[in-house]
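Below you'll find the structure, written out as structure tokens, and then a few comments.
The values are calculated or read from the model by the stated rules, or taken from the named source; none is laboratory data. Here the structure is a predicted model, which means the values were calculated and not measured. No Cβ is skipped: glycine too gets one built from the backbone with ideal geometry, and neighbour counts run over all protein chains shown. Heads up: the accessible areas ignore ligands, DNA and RNA and are worked out on the full protein's heavy atoms, side chains in. Shrake-Rupley method; radii C 1.70, N 1.55, O 1.52, S 1.80 Å.
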Amino acid sequence: MSSIIPIFPLRTVLFPHTPLCINIFEERYKEMIDDCLRRRITFGVVALREGNESEDNVVLEEVGTLAKIACIEPSLSGGFLLMVTGATRFGVKELHRDKSYLQATVDFIGEDDELLKPYLLEKVLATFENYIQMPLPELPKHPELLSYLIAATLEVRLSTQQKLLECTTSTQRIIDELHIMNFEEHLAEQEILQTRTDPKQFSAN
């Protein structure tokens, strides 16, 4: 079943179950949030493929995330800071430009409920701890929650974040995240090795 929701285009990806702070200062987005609060609805965050938040003719990605409003605080700019949490993913079917802000007809995307194989869970937890280089608190074992937590933490390009959001299963998302973290570790090892063997690093005295 399709729904029409307000859309906030951002140069970031909002993942389900993860927080995001948004600075609202443009009048059209103030109007959007006012409409959301008045109608007791929320909005969707969709990453920008081309353009920026202040432009009208933007090109958006095809999958976004519903944003659940958690907190609103006034800001020094005269707008307000909005804290949201990612909820359900959706696919964008059609954009509507009849208001000052974008709206879209969307179809919501369900999540898989598969179990993560024990060896894969152990591997991704160890790899993630090594990636962030600090002891981890107890992480969720549920594949969906774990996969989105890792996705929101990885320092990768926007296009890579979007691909992680669009993964059809949590297991596939975790496998892709393992590849990303292992590749980053390999690059770091190569950089350390090059630094140790580069003659320019040694003094001639």
* Ignoring ligands, DNA and RNA, what percent of the accessible area of the chain is carbon or sulfur (1.4 Å)? -> 53
* To do: Run the quick spin-label model on residue 129 and residue 183: label points 7 Å from Cα toward the beta carbon, then report their separation in nm to one decimal.
  => 2.6
* If you take the C-alpha gyration tensor of region 1-101, multiply each eigenvalue by 5 and take the square root, what semi-axes do you get, largest first, in whole Å? -> 19, 16, 14
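Which of the peptides 164-171, 136-143, 122-129 is most tightly packed, and how do the rest follow, going by the mean number of other Cβ atoms within 10 Å of each residue? Write down the numbers at each step before the final one.
Details: 164-171: 17.6, 136-143: 12.0, 122-129: 15.5.
Ranked from most to least packed, the peptides come out as 164-171, 122-129, 136-143.
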* Rounded to a whole number, what is D in µm²/s for region 60-102 from Stokes-Einstein with the Kirkwood radius over alpha-carbon pairs (10 °C, 1.306 mPa s)? -> 126
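Taking a threshold of 23 Å on the Cα-Cα distance, which of the pairs 68/99; 30/163; 30/68; 93/117 fall above it?
On the way: 68/99 21 Å; 30/163 30 Å; 30/68 16 Å; 93/117 34 Å.
In this structure, 30/163; 93/117 exceed 23 Å between Cα atoms.
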* Structure fact -> Binned at 5 Å starting from 0, the alpha-carbon pair-distance distribution of region 52-168 in whole percents comes out as 2, 8, 14, 17, 19, 16, 10, 7, 4, 2, 0
* State log₁₀ I(q)/I(0) for the chain at q = 0.12, 0.16, 0.18 Å⁻¹ as given by the Debye formula over alpha-carbon point scatterers of equal weight, solvent excluded. => -0.70, -1.05, -1.23
* Can you list, bin by bin at 5 Å, the percent of alpha carbon pairs in region 125-167, starting at 0? -> 5, 20, 30, 23, 16, 5
* **Simple label model, 7 Å out from Cα along Cβ direction - residue 38 to residue 108, nm** => 2.4
* Structure fact -> Probe 1.4 Å, heavy atoms of protein chains only: per residue, the accessible area of the chain in Å² is 59
* Asked: What net charge is computed for the residues neighbouring residue 105, neighbours being all others with C-beta under 13 Å from the C-beta of residue 105, Lys and Arg scored +1, Asp and Glu -1?
  -> -2
* Structure fact -> A correct Kirkwood calculation over the Cα atoms of region 26-65 returns a hydrodynamic radius in Å of 11.3
* Asked: Which of the lysines could a cross-linker bridge to residue 123, judged by Cα under 18 Å and excluding same-chain residues fewer than eight apart?
  -> 141
* **Pairwise label distance in nanometres, residue 55 with residue 157, each label 7 Å out on the Cα-Cβ vector** => 1.8
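In what sequence, highest mean first, do 2-9, 69-76, 36-43 appear when ranked by Cβ atoms within 10 angstrom?
On the way: 2-9: 19.0, 69-76: 11.4, 36-43: 13.6.
Peptide ranking by packing, descending: 2-9, 36-43, 69-76.
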* To do: Could you tally the net charge around residue 127, taking each other residue with its Cβ under 9 Å from the Cβ of residue 127, Lys/Arg +1 and Asp/Glu -1?
  => -2
